[in-house]
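Read through the structure below, which is laid out as structure tokens, and then see the notes.
The values are calculated or read from the model by the stated rules, or taken from the named source; none is laboratory data. As the structure is a prediction and not an experimental result, all values here were calculated from the model. Glycine gets a Cβ as well: all are built from the backbone with ideal geometry, and neighbour counts include every protein chain shown. Quick note on the areas: whole protein, heavy atoms, side chains included, nothing else; ligands and nucleic acids left out. Shrake-Rupley method; radii C 1.70, N 1.55, O 1.52, S 1.80 Å.
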Amino acid sequence: MDMIRVPGNELTQRLRRFLLEMDNDCGNWELCAITGASSLFYLTGTICDGMLLLRRGGDCTLWVRRNYDRSVLESEFPDIRPMGSFRDVAASVGSLPDTLYLDTAHATMEWYSLLSKYLPFKNVLPLDGVMLKVRAVKSEYELARVRMAGSAIGNILMNELPPIMSEGISEAMLGAQLLTLFIKSGHHGVSKFNMRNTSELLGHICFGDSSLFPGVFNGASGIAGLCPAVPALGSFTRYLREGDLVFIDVCFGVEGYNVDKTLVYSYRHKQPDYIIDAHKHCLDLQQLAASLLRTGSSPSDIYEEVLAAVAPEYRHRFMGVPGRTVPFIGHSVGLYVDETPVLAKGFNSPLQSGMTIAIEPKMGFEGIGMVGAENTYLVTGDGGVSLTGPLLDIITVA
């Protein structure tokens, strides 16, 4: 079987950048451990039950409990060792520093209790912010995969999805057919999120005002989903009807790297002028935000400038529905769909070339649904460059 491998020189560059940021942000750190699946993949090219242990100025070892043989097959990381238990790791570490830096957002208390039995650190500090900062700037290798994902999702949503919309199809079944189209075009199958207890098959497949249903995800739109246990994809019992506004907010990924895109359709009927006007206003806001995605710009400043440009009549429903809006207009996209920086207050570190940011101005109308748009952009010195296609008016499906 041909294995898709992240090249060894790519892994070396990523590790070098991560260690440099640890030196910059975490002072005199001595030892850190990484357990989260996406961060393990980023630095080693494999996902496993184990941990990556990194010593400042010393060894970097991937310890694998399961499955060592698989990790050796698919990873070009230079030091991969089998781990029967944490006792094996402890024997290799020797003397312990007082503090362990850990990806605390992904290491469970159960996992840490097992680790601390053999490696009793006095203190644990988070390294999650360092990891997200490093991952925010994409290499050319990573951008090649993001571009493939962007090209595929743009083509499918603009050209291949409208013909399969038919009266009486459910949200769930349209989502299933869309997922099939995605897989055929190289989609890696799932969308991973940094937000705890969040996962998606594709995103939101919504007919009419189902896009206004209170959501479990931190976003402008919501969805009832397949059932309360799986609030994802779309409903089995909401069927497409003439005149429905169709809201499609989905992610596409290639070899781990995601893009995020939203398009809005009208099924066999033109929407009222006030809905069309609101959608066009969202497009104008997205274009403004994209023009501000320049190297050196502050995400919080971009957020404030776009927020100030929202017409007064829309402000109470911008980024949601009245009484239930979210305080951001975009987010970084990468191995997770929801990475940092976020276009929101409090994110003041300057943007860097090579970041990929999804911009998503939206607004909801009671009894109608959500309008707006989303595209994923590459940050450059001249502003954002769309990786997922052009800005589009509401698409009428005949």
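Some observations on this one:
- Among the residues of the stretch 209-244, the ones that are surrounded by 23 or more Cβ atoms within 10 Å (Cβ to Cβ) and of a type in the set (Val, Ile, Thr) come to 1 in all.
- Residues that are in a strand (DSSP E or B) and either aliphatic (A, V, I, L, M) or without any contact (Cβ under 8 Å) to a residue 40 or more places away in the chain (or both), drawn from the stretch 364-398: 370, 371, 378, 385, 395, 397
- Sole residue being over 30 Å from residue 138 (Cα atoms) and among the hydrophobic types (A, V, I, L, M, F, W, C), chosen from 373, 311, 358, 290: 311
- Any helices (runs of 4 or more DSSP H) falling wholly within the stretch 18-100 and containing at least 1 residues that are open to solvent by 60 Å² or more (accessible area, probe 1.4 Å): 68-74, 86-93
- Yes/no for residue 312 being surrounded by fewer than 22 Cβ atoms within 10 Å (Cβ to Cβ) and within 26 Å of residue 214 (Cα to Cα): yes
- Residue within the stretch 250-270 that is under 21 Å from the mean Cα position of the chain (by Cα), at pLDDT 90 or above and of a type in the set (Lys, Arg) present: yes
- Residue in the stretch 285-297 that is in contact with a helix residue (DSSP H, G or I) (Cβ under 8 Å, 6 or more places away or on another chain), over 26 Å from residue 347 (Cβ atoms) and open to solvent by less than 10 Å² (accessible area, probe 1.4 Å) present: no
- From the list 179, 233, the lone residue that is farther than 22 Å from residue 37 by Cα and at pLDDT below 95 is 233.
- Any hit, the stretch 333-354, residues being surrounded by fewer than 20 Cβ atoms within 10 Å (Cβ to Cβ) and modelled with pLDDT under 95: no
- Some residue of the stretch 178-193 being touching a Ser or Thr at 6+ places or on another chain (Cβ under 7 Å), open to solvent by 20 Å² or more (accessible area, probe 1.4 Å), closer than 22 Å to residue 378 by Cα and not in a loop (DSSP other than H, G, I, E, B): yes
Okay, residues lined up against (1) farther than 20 Å from residue 372 by Cα; (2) out of contact with any His (no Cβ under 7 Å at 6 or more places or on another chain); (3) assigned to a strand (DSSP E or B); (4) of a type in the set (Gly, Ala, Ser):
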residue	(1), (2), (3), (4)
236	yes, yes, no, no
241	yes, yes, no, no
249	no, no, yes, no
276	no, yes, no, no
284	no, yes, no, no
287	no, yes, no, no
290	no, yes, no, yes
313	no, yes, no, no
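- Unmet requirement for residue 4, which otherwise passes all of (1) outside any loop (DSSP other than H, G, I, E, B); (2) of a type in the set (Val, Ile, Thr); (3) more than 23 Å from residue 133 (Cα to Cα): (1)
- Residue list for the stretch 75-96, restricted to those being in contact (Cβ under 8 Å) with a residue 24 or more places away in the chain and among the basic types (Lys, Arg): 87
- If you go through the stretch 101-147 and pick out every residue that is small (Gly, Ala, Ser), within 16 Å of residue 51 (Cβ to Cβ) and crowded, with 18+ Cβ neighbours inside 10 Å, you end up with 1.
- Those residues of the stretch 251-274 which are hydroxyl-bearing (Ser, Thr, Tyr) and either loosely packed, with under 15 Cβ neighbours inside 10 Å or part of a loop (DSSP other than H, G, I, E, B) (or both), in sequence order: 274
- Among (1) in contact with a helix residue (DSSP H, G or I) (Cβ under 7 Å, 6 or more places away or on another chain); (2) of a type in the set (Val, Ile, Thr); (3) crowded, with 21+ Cβ neighbours inside 10 Å, the one test that residue 153 misses: (1)
- Against the criterion of being of a type in the set (Ser, Thr, Tyr), assigned to a helix (DSSP H, G or I) and open to solvent by 30 Å² or more (accessible area, probe 1.4 Å), residue 12 qualifies.
- The stretch 302-311, residues that are outside any helix (DSSP H, G or I) and either at pLDDT below 95 or in contact with a strand residue (DSSP E or B) (Cβ under 6 Å, 6 or more places away or on another chain) (or both): 310
- Some residue of the stretch 365-384 being aromatic (Phe, Trp, Tyr), closer than 19 Å to residue 285 by Cα and surrounded by fewer than 24 Cβ atoms within 10 Å (Cβ to Cβ): yes
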